[in-house]
Amino acid sequence: MSVRIIVDSASDLTKERADALNLDYMPLKTIFGETEYLDGVTISHKEFYEKLIECGTIPTTSQVSPHDFEAKFKEVKEAGDTAVVICLSSLLSGTYQSAHIALDGYEDCITLVDSLNVCLGEQILVLYAVKLRDEGLSAKEIAEKLEEKKKDVCVLAVFDTLEYLKQGGRISKTAAWAGNILSIKPVIAIEKGEVAILGKARGSKNGNNILIQEVKNKNGIDFSMPYMLGYSGLDDSLLRKYIADSADLWTGQTKELPISTIGSTIGTHAGPGAICVSFFHNA
C-alpha cells in the first residue's frame, strides 16, 4: 500500500516535475476560443505564453471536474493505496469543491486539503507534502501537517502590466490606461485564500523594493522549508533583476535559488512579466 499525493496544475508544477516527484497530476483546462487544452499536459507553460501573445485575446480557465477526481479516487482505492489531495484555494476556484463532491464513498482512503493558496504558494505546500511522504508519514498525518503549516505560506508578486487584468474584467479600462502610462506595477499577495492588493509601485525597481520589504514584514524566510521564485512569460530578466536587488535576503542562506515558471491559471490574469516569491515565514 502506497501513500500518494494528488495535486492540481494550479500549483504550477510542470507535468514532468510532478512525474519526477511521483505525484498524481490533475490538470485544469485552459480555453482559447473553441479550443480546450489540459494545463501542463497538452499545452506547456511556454506554449501558453506564445499563444497568449500571438492570439491577443484572453483565454478562460476551467476547474478539474468531479468526474475526473472520482476516476482518480477509484484508481487509488482499487490499488489499495491512500492519498492526500492538495487543491488550489476554494475561494479562487471550484476545484476543491469538485474534489469534495467526488469524495463520497472514498473517505476511507482519500483526505482533502484546501491549500488556501495557488501558484507557487500551493507548490511549496506540495513540496512540503513530498518531504513528509518520503519521511514515511501516512496520508492523514501529512494532511494534518499541511493544515497546520499552510497558514505560514506567503506569496508575494509584482505584475508587469495591468492589460490582462483589464481584458479579464478585473479592473477598468481607465485604470489600466492610467497605470500603463505611469508604469504602475500592482503588488499582490494571497491572504486567507484570496488575492489582496498590497500596493501599486511606479516602475519595477519600486515594485522590487516593496517585495523585499514585505518579506521582512513577514519575519523573513524559513530556509528549512520549501521556497520558490517564479516568473510568467518567456523571459526571466525581470526575475533576475529582482534576485539581484534582493541579494541580502539570500546571501549566506542558500547556494541555489529554485525557480519555477508560472502557468496558465495565474498567467491568464497576470500576463507575461510577473514575478513571484513564495515561502514559509519564520515563526
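What the table shows:
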quantity	calculated
When region 4-75 is reduced to its Cα atoms, the Kirkwood hydrodynamic radius in Å	13.0 Å
Sorted peptide list for 133-139, 221-227, criterion being average Cβ within 10 angstrom, highest first	221-227, 133-139
Gain upon complete extension [GLU36, ASN22; 0.36 nm per residue less C-alpha separation]	2.4 nm
Radius ratio Rg over Rh of region 1-143, counting only Cα atoms, Kirkwood formula for Rh	0.98
Nitroxide proxy distance, nm - points 7 Å out along Cα→Cβ at THR60 and LYS241	3.5 nm
For region 185-266, Kirkwood radius (reciprocal of mean inverse C-alpha pair distance, Å)	13.9 Å
Computed over region 61-136, Kirkwood Rh from alpha-carbon pairs, angstrom	12.9 Å
Residues with amide H under 5 Å from that of GLY199, placed H, sequence gap 5 or more	VAL187
Structure-based [θ]222 nm, the chain - -39500 (n - 2.57) summed over DSSP H runs of at least 4, per residue, nearest 500	-11500 deg cm²/dmol
Cα centroid separation, region 29-52 to region 222-241 (Å)	22 Å
Spatial separation of Cα centroids for region 57-107 and region 265-283, in angstrom	23 Å
Table column - 3J(HN,Hα) (Hz), region 55-61, Karplus curve with 6.51, -1.76, 1.60, x for Gly and Pro	6, x, 10, 8, x, 10, 10
Cα pair distances exceeding 29 angstrom across the chain, given as percent	32 percent
Highest-first arrangement of 263-272, 209-218, where packing means the average Cβ count within 10 Å	263-272, 209-218
DSSP beta bridge pairing in the chain, given as percent antiparallel to the nearest 5	65 percent
Calculated P(r) tail over 19 Å for region 229-283, as whole % of Cα pairs	31 percent
For region 77-118, average projected area of the Cα convex hull in nm²	2.9 nm²
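Just so you know, all these numbers are worked out from the coordinates, no wet-lab data involved. Note that this is a predicted model, so its numbers are computed, not measured. When we count neighbours, we look across all protein chains shown, and the Cβ atoms used for this are built from the backbone with ideal geometry, even at glycine.
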